[in-house]
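**Student:** Handing you this structure, nothing more for now.
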Amino acid sequence: MTIITKLAIAASLATALTSVSIAQDNLKGLVVGFSQIGSESGWRAAETSVTRQQAEERGVDLKFADAQQKQENQIKAIRGFIAQGVDAIMVAPVVATGWDDVLTEAKEAEIPVILLDRGVDAPEDLYLTSVASDQVKEGRVAGEWLVGAVGDDDCKVVELQGTVGSTPAINRKQGFEEAIAGHDNITIARSQTGDFTRSKGKEVMEGFIKAENGGADICAVYAHNDDMAVGAIQAIKDAGLKPGTDIKVVSIDAVPDIFAAMVAGEANATVELTPNMAGPAFDALSAYLADGTMPEKFIITESKLYTPDDNPQGEYDTRKGLGY
Ligand code: AHR
């Protein structure tokens with residue numbers, strides 16, 4: 001490489017870095033409203049902490065509103081943000097439907113809206129971007145793990161669904177069913193919502209165990225999140241069975257408690273969902289405000305499978321204390 005080429009590369013790198021830092025700097029002092037669903041799970045608590053931290057790092061004044069699991073509270077909060085004239089709005093929508101009116105109001109007020117971690121059934125021009133995982137893929141990864149784990153053995157699965165009407169509940173169910181389709185030895189015997197909470201997960205699992213011969217007929221529990229899986233693990237233990245051995249446990253999120261359960265031999269697999277949705281969201285907002293750069297409509301985060309072979313103690317240590 002000639003010295004001229006080296007200098008040219010260095011100059012273009014410097015320009016790129018300068019424009020990144022200008023883009024980041026332009027968020028300083030902006031007011032961003034964040035309508036969070038609530039605190040139903042360890043994952044959600046971590047998302048809240050990470051969002052606050054990402055805002056602070058960029059000098060953003062984050063107005064936080066906890067909707068206590070209610071869409072009406074989210075709509076009220078968003079209307080409040082619009083009335084205050086915030087610079088942008090982030091929302092983690094509790095359910096998929098019913099957003100058209102309030103998103104239209106935000107659009108008319110020229111306030112960009114970014115969806116975090118869940119989707120909506122609304123026209124795509126009503127939000128700037130959506131930062132979320134591919135939730136169908138998450139279900140598929142969990143299902144593929146089970147297909148590999150049981151081989152040709154018959155396997156009756158019980159499913160703990162997330163919040164009714166939420167995109168992760170709809171999509172994780174679909175992905176899992178896609179993965180087990182064609183494997184006639186695997187059937188979903190029972191499926192009910194546990195609302196993404198530990199207590200509901202335990203309660204519903206107790207019912208499944210009673211209905212399935214004291215749990216003897218259940219081969220695996222598929223929970224749409226780790227918190228429900230942790231609740232199910234307790235129910236399995238209370239019934240005198242061994243979670244992870246008598247009943248396999250597969251779920252989604254990769255929170256520290258599921259790694260602790262893996263260390264104890266009580267959980268078999270989880271699919272990671274990063275709690276850092278806000279980082280990519282702020283980056284997209286920053287570029288958009290800097291020069292109108294339109295982000296991808298869907299910014300998709302990774303969905304990595306973890307099993308007891310993936311150093312669960314190390315994963316627990318790394319994640320513990322990150323706001324989960
Ligand atoms: O939308 C993401 C899901 O919501 C997480 O998997 C779950 O833990 C949360 O409550």
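The values are calculated or read from the model by the stated rules, or taken from the named source; none is laboratory data. All values derive from a computational prediction rather than experimental measurement. Virtual Cβ from ideal backbone geometry, glycine too; neighbours counted across all protein chains shown.
**Student:** Mind checking which pairs have a first residue in segment 277-306 that is under 22 Å from Arg52 (Cβ atoms) and a second that is at pLDDT below 95 and of a type in the set (D, E, K, R), Cβ under 9 Å, 6 or more apart or different chains?
**Tutor:** Ser286/Asp25
**Student:** Of the residues Ala45, Ala65, which is hydrophobic (A, V, I, L, M, F, W, C), surrounded by fewer than 21 Cβ atoms within 10 Å (Cβ to Cβ) and more than 18 Å from the chain's Cα centre (by Cα)?
**Tutor:** Ala65
**Student:** If Pro295 satisfies all but one of (1) crowded, with 17+ Cβ neighbours inside 10 Å; (2) under 15 Å from the mean Cα position of the chain (by Cα); (3) at pLDDT 95 or above, what's the number of the condition it fails?
**Tutor:** In the conditions (1) crowded, with 17+ Cβ neighbours inside 10 Å; (2) under 15 Å from the mean Cα position of the chain (by Cα); (3) at pLDDT 95 or above, Pro295 misses (2) alone.
**Student:** Across segment 80-91, which residue is farthest from Gln69 (Cα to Cα) among those that are of a type in the set (Gly, Ala, Ser) and either surrounded by fewer than 22 Cβ atoms within 10 Å (Cβ to Cβ) or free of Cβ contacts under 8 Å to residues at least 12 places away in the same chain (or both)?
**Tutor:** Pass one, segment 80-91, residues of a type in the set (Gly, Ala, Ser): 80, 83, 85, 88.
Keeping just the survivors that are either surrounded by fewer than 22 Cβ atoms within 10 Å (Cβ to Cβ) or free of Cβ contacts under 8 Å to residues at least 12 places away in the same chain (or both) gives 80, 83, 85.
On the way: Gly80: 18, Ala83: 22, Gly85: 25 Å.
It comes out as Gly85.
**Student:** Of the residues Gln74, Gln68, which single one is outside any helix (DSSP H, G or I) and within 14 Å of the ligand (Cβ to nearest atom)?
**Tutor:** Gln68
**Student:** Quick one: Ile233 ticks every box in (1) more than 16 Å from the ligand (Cβ to nearest atom); (2) more than 19 Å from the chain's Cα centre (by Cα) bar one, so which box is it?
**Tutor:** Looking at each condition in turn, Ile233 falls short on (1).
**Student:** Looking at (1) within 11 Å of the ligand (Cβ to nearest atom); (2) touching a Leu at 6+ places or on another chain (Cβ under 6 Å); (3) of a type outside the set (Val, Ile, Thr), which is the one condition that is false for Gly215?
**Tutor:** (1)
**Student:** Filter segment 196-212 for residues that are among the small types (Gly, Ala, Ser) and surrounded by fewer than 21 Cβ atoms within 10 Å (Cβ to Cβ); which is farthest from the ligand (Cβ to nearest atom)?
**Tutor:** So the residue we want is Ala211.
**Student:** Take Lys70 and tell me if it is at pLDDT 95 or above, more than 29 Å from Val255 (Cα to Cα) and surrounded by fewer than 21 Cβ atoms within 10 Å (Cβ to Cβ).
**Tutor:** no
**Student:** Can you spot a residue in segment 238-245 that is acidic (Asp, Glu) and either modelled with pLDDT under 95 or surrounded by fewer than 23 Cβ atoms within 10 Å (Cβ to Cβ) (or both)?
**Tutor:** yes
**Student:** Something else: I'd like the full set of residues that are touching a strand residue (DSSP E or B) at 6+ places or on another chain (Cβ under 7 Å) and either within 16 Å of the ligand (Cβ to nearest atom) or not in a helix (DSSP H, G or I) (or both), limited to segment 136-157.
**Tutor:** Hits for segment 136-157 are Glu138, Val141, Ala142, Cys155, Lys156, Val157.
**Student:** Hey, could you check segment 93-135 for residues that are part of a helix (DSSP H, G or I) and surrounded by 21 or more Cβ atoms within 10 Å (Cβ to Cβ) and say which is nearest to the chain's Cα centre (by Cα)?
**Tutor:** We begin by selecting, within segment 93-135, every residue part of a helix (DSSP H, G or I); these are 100-108, 124-126, 135.
Subsequent filtering for residues that are surrounded by 21 or more Cβ atoms within 10 Å (Cβ to Cβ) retains 102-103, 106, 135.
Values: Val102: 23, Leu103: 22, Ala106: 24, Gln135: 8 Å.
By that ranking, first place goes to Gln135.
**Student:** If I filter segment 220-234 down to residues being touching a Leu at 6+ places or on another chain (Cβ under 9 Å) and either over 14 Å from Leu273 (Cβ atoms) or among the β-branched types (Val, Ile, Thr) (or both), which single residue comes out as surrounded by the fewest Cβ atoms within 10 Å (Cβ to Cβ)?
**Tutor:** Out of the qualifying residues, it is Ala220.
**Student:** What are the pairs, 6+ residues apart or on separate chains, where a residue within segment 160-175 that is over 15 Å from Lys70 (Cα atoms) and within 11 Å of the ligand (Cβ to nearest atom) has its Cβ under 9 Å from a residue that is of a type in the set (Phe, Trp, Tyr) and assigned to a strand (DSSP E or B)?
**Tutor:** Arg172/Tyr222
**Student:** Could you please tell me which pairs satisfy a Cβ distance under 6 Å, a separation of 6+ or placement on different chains, a first residue in segment 35-64 that is touching a residue at least 12 places away in the same chain (Cβ under 8 Å) and assigned to a loop (DSSP other than H, G, I, E, B), and a second residue that is within 16 Å of the ligand (Cβ to nearest atom) and polar (S, T, N, Q)?
**Tutor:** Gly38/Gln68; Gly38/Gln69; Glu40/Thr197; Ser41/Asn225
**Student:** Let me ask another. Looking at the structure I just gave you, is Gly194 over 20 Å from Ile218 (Cβ atoms) and under 20 Å from the mean Cα position of the chain (by Cα)? Talk me through it step by step, then tell me what you get.
**Tutor:** Working: over 20 Å from Ile218 (Cβ atoms): no; under 20 Å from the mean Cα position of the chain (by Cα): yes.
Taking the combined requirement at face value, the residue does not satisfy it.
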